[in-house]
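The next block holds one structure in the form of structure tokens; read it before the comments.
The values are calculated or read from the model by the stated rules, or taken from the named source; none is laboratory data. Please read all numbers here as calculations on a predicted model, not as lab measurements. Cβ: placed from backbone, ideal geometry, glycine included. Neighbour counts: every protein chain shown. To get the accessible areas, we keep the full protein, side chains included, count just its heavy atoms, and leave off ligands, DNA and RNA. Shrake-Rupley method; radii C 1.70, N 1.55, O 1.52, S 1.80 Å.
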Amino acid sequence: MAVIETAEKMLPAGLRPIGGRTLRMLAAVLTEGGEKAAAQRMALTAFSIRILSAALAFVSQIVLARLMGEYEYGIFVFVWVLVVVFGDLSCLGFHTAIVRFLPRYKAAGAFEEIRGLTGTARIFALLSGTAMLAAGMLGLHFFGDMIEPYYLAPIFLGLFAMPMIALGDILEGTSRANHWPVMALSPVYIIRPILIIACMLIAIALGAEHTAVTAMQAALVATFVTALGQYGATLYRLRRHYDDGPRKLDFLAWLSVAFPIFLIEGVGFLLTNSDVVVVGIFLQPHDVAIYFAAAKTMALVHFINFSVKAAAGPRFSSIIAEGNHAQLSNAAADAARWTFWPALGVGLAVLAAGHLLLSLFGGAFTSGYLVMAILLAGILSKSLVGPAETLLMMAGKQNLCVALYAGALAANVGLNLALIPRYGIEGTAIATASAMVVEAVLLHIAVRRTLGIVLFAFASPAAVTQK
């Protein structure tokens with residue numbers, strides 16, 4: 001309270017009322033107990049990490065674009081997006097299934113199940129990531145002549161990162177389920193980008209060429225170092241909280257939940273990244289570079305939804321286990337508001353500085369400004385319903401989410417195929433934004449009809465709690 005009162009006195013007189021309320025609300029979030037305050041603290045921590053990670057990712061992409069030039073940068077980002085997409089998909093949903101099961105086991109004191117779940121998930125991720133690596137190598141062997149030659153070497157190198165990407169996802173899910181946001185988010189979103197740039201600069205200093213192959217080698221080293229370090233830190237913390245002891249396995253039950261989640265998140269992940277993939281397939285690396293720079297710049301807004309989602313999942317799971325519908329409705333409404341208003345403010349600020357931000361990549365990149373404006377419209381429409389897909393998954397509505405996401409993905413791909421030949425990267429932006437609108441509408445309808453919750457950032461409290 002002394003700190004708050006001192007801070008209030010330092011504010012201008014006109015700002016003291018609203019500033020004081022904001023400071024007191026922040027103090028309550030940081031000090032109060034209960035599920036809501038814990039979720040808010042996790043969201044705030046995740047939000048802070050994502051701000052830093054977004055800045056690091058943005059700076060790292062600028063450095064890479066400047067080091068390699070548009071053409072080689074376009075090759076690298078196309079291949080790296082493919083590697084991350086398929087590496088994440090290889091988890092088959094186990095990284096989110098942990099978030100669903102672990103809080104329930106923890107509440108019941110079922111430590112044997114926790115040890116079995118976390119250990120099984122790590123082994124499964126390594127095996128499935130290795131299987132994805134092998135499948136990719138077979139694909140290169142049999143269909144390599146159908147791929148543009150400049151993509152072959154980067155793809156070959158990127159395949160070796162897949163087991164570590166899958167393992168990192170499992171470790172992130174484990175930390176999220178335990179409300180360890182720093183350990184969950186910092187390895188992939190802070191440490192790995194720093195290591196990629198560091199390795200790239202070291203390689204160039206040692207005489208390596210400024211090419212996509214060198215960048216992919218740097219990314220491969222950074223991925224291994226990050227994943228193995230995260231593995232050691234997470235394992236140490238798990239043993240401190242749950243001790244060593246017997247493990248109880250229920251693999252089929254976990255897989256029965258994880259696989260539908262894989263279908264949901266797989267379609268959703270493809271929906272999020274399909275624009276870059278389609279641009280890479282139909283257009284030249286130069287166009288990929290400009291589109292990716294514009295999308296990456298506007299992705300500064302995406303971290304808000306990610307941060308809220310990271311906090312909302314465990315909270316939704318705990319409330320659903322208690323069976324309190326009114327509390328679940330309020331939690332969902334809070335999540336929608338926590339998503340939309342920050343997204344609106346950050347989005348408008350990024351758009352206002354769009355030309356300047358794009359020019360940092362290089363003079364040619366400013367042609368992507370219109371892409372930024374179009375994508376912002378889609379992002380804001382999606383943020384109106386907050387982490388709706390997380391709410392449905394935690395409530396056991398995985399199959400419904402699969403159908404909704406499949407519809408949005410079909411709309412995205414169809415619109416891309418129709419618009420890219422005529423409008424280029426602007427057509428891709430229109431297709432992507434339209435798919436986000438379709439996704440938001442479908443999710444809103446699904447939550448209202450299945451859970452009786454009016455999930456909308458502008459919904460009144462009375463409307464939200466109607467059953």
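Identify, please: which residue in region 298-308 is open to solvent by less than 10 Å² (accessible area, probe 1.4 Å) and under 15 Å from Gly378 (Cβ atoms) and is, among those, farthest from the chain's Cα centre (by Cα)?
Met298
Evaluate the following for Ser359: is it polar (S, T, N, Q) and within 30 Å of Val447 (Cα to Cα)?
So Ser359 fails the test.
I'd like the residue in region 232-254 that is in contact (Cβ under 8 Å) with a residue 60 or more places away in the chain and open to solvent by less than 70 Å² (accessible area, probe 1.4 Å) and, out of all such residues, is nearest to Leu171 (Cα to Cα).
Only one residue tops the list, namely Thr234.
Got at least one residue in region 285-297 being closer than 24 Å to Met162 by Cβ and surrounded by fewer than 21 Cβ atoms within 10 Å (Cβ to Cβ)?
no
Out of (1) open to solvent by 50 Å² or more (accessible area, probe 1.4 Å); (2) in contact (Cβ under 8 Å) with a residue 40 or more places away in the chain; (3) touching a Leu at 6+ places or on another chain (Cβ under 7 Å), the odd one out for Val277 is which?
Condition (1) is where Val277 drops out.
Working only within region 385-401, note down all residues that are open to solvent by less than 30 Å² (accessible area, probe 1.4 Å) and in a helix (DSSP H, G or I).
Selection gives Ala388, Glu389, Thr390, Leu391, Leu392, Met393, Met394, Gln398, Cys401.
Take Ile98 and tell me if it is among the β-branched types (Val, Ile, Thr) and farther than 21 Å from Met394 by Cα.
no
For Thr272, all conditions in the list (1) of a type in the set (S, T, N, Q); (2) in contact (Cβ under 8 Å) with a residue 12 or more places away in the chain; (3) under 30 Å from Gly378 (Cβ atoms) hold save one; what is the number of the exception?
If we test Thr272 against (1) of a type in the set (S, T, N, Q); (2) in contact (Cβ under 8 Å) with a residue 12 or more places away in the chain; (3) under 30 Å from Gly378 (Cβ atoms), just (2) comes out false.
Any chance region 267-288 includes a residue that's modelled with pLDDT under 85, in contact with a Phe, Trp or Tyr (Cβ under 8 Å, 6 or more places away or on another chain) and not in a helix (DSSP H, G or I)?
The answer is no; no qualifying residue exists.
Scanning for something crowded, with 24+ Cβ neighbours inside 10 Å, hydroxyl-bearing (Ser, Thr, Tyr), in a helix (DSSP H, G or I) and touching a residue at least 60 places away in the same chain (Cβ under 8 Å), does region 309-320 turn up at least one residue?
No, the conditions are met nowhere in region 309-320.
Scan (1) assigned to a helix (DSSP H, G or I); (2) open to solvent by less than 20 Å² (accessible area, probe 1.4 Å) for the single condition Ala364 breaks and write down its number.
Only one criterion is unmet by Ala364, namely (2).
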